[in-house]
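To start, the structure itself, in structure tokens.
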Amino acid sequence: MSVKPANNIVVIMPKGYVNDLGAERLEHVCEQFLAEGLKKIVINFSEMQFINSIGASVFTGIVQKTLEYGGRLYFTNMKKIHRDVFEMLGITKHVSIFKDERDALDSLPEAG
């Protein structure tokens, strides 16, 4: 997983298979940035191949934590299968989805 914080935005790029440990690490990283005051989290799915049911449930937790902290979550570069699963779980109601990372960053004010 790579992480790029900048101003009030952090971009997280999970890699490979998001399963038990990878999903927990992703959740921990998101919560850490939220606790530090970074309220805008962009998750770039371009290098994520597979997510299992535990990984998907962790994304539900990430959405909930983001809402609790008053933050916003943005997903980019999603494969159709990931988007379909997240729609089925109701996650997409609480996130903004962009075609790619650049589109997301261009639409976000960096401060605030």
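Every read-out reported here was derived from the displayed coordinates using simple, explicitly stated rules and does not represent laboratory data. Since the model is a prediction, treat every value here as computed from it, not as a measurement. Glycine also receives a Cβ, built like all others from the backbone with ideal geometry; neighbour counts cover every protein chain displayed.
Backbone phi angles across the range 24-41, fed through the Karplus curve with coefficients 6.51, -1.76 and 1.60 (θ = phi - 60°), yield HN-Hα couplings of 5, 5, 4, 4, 4, 4, 4, 5, 4, 5, 4, 5, 7, x, 7, 9, 10, 10 Hz in residue order; Gly and Pro are listed as x. Relative contact order, whole percent, for the chain stands at 27, derived from Cα pairs under 8 Å and 6 or more residues apart.
Here E87 and N7 are evaluated by their C-beta separation; at R0 = 25 Å the FRET efficiency comes out at 0.25.
Calculated over the range 1-47, the projected area of the Cα convex hull averaged across directions stands at 2.9 nm².
Taking a Cβ cut-off of under 13 Å around G71, the surrounding Lys, Arg, Asp and Glu residues balance to a net charge of +1, with basic ones at +1 and acidic ones at -1.
Antiparallel beta bridges, as assigned by DSSP with both residues in the chain, represent about 25 percent of the total such bridges.
So what is the calculated 222 nm ellipticity per residue for the chain, using -39500 (n - 2.57) for each DSSP H run with n of 4 or more, over all residues, to the nearest 500 deg cm²/dmol? Show your work: numbers first, answer last.
Details: 4 runs with 49 residues, N = 112.
Theoretical 222 nm ellipticity from helices: -13500 deg cm²/dmol.
Using Cα centres only, tell me the gap between the range 75-112 and the range 28-63 in whole Å. Between the Cα centres of the range 75-112 and the range 28-63 lies a distance of 11 Å. When the alpha-carbon atoms of the chain are used, the pair Rg, Dmax equals 12.6, 35 angstrom.
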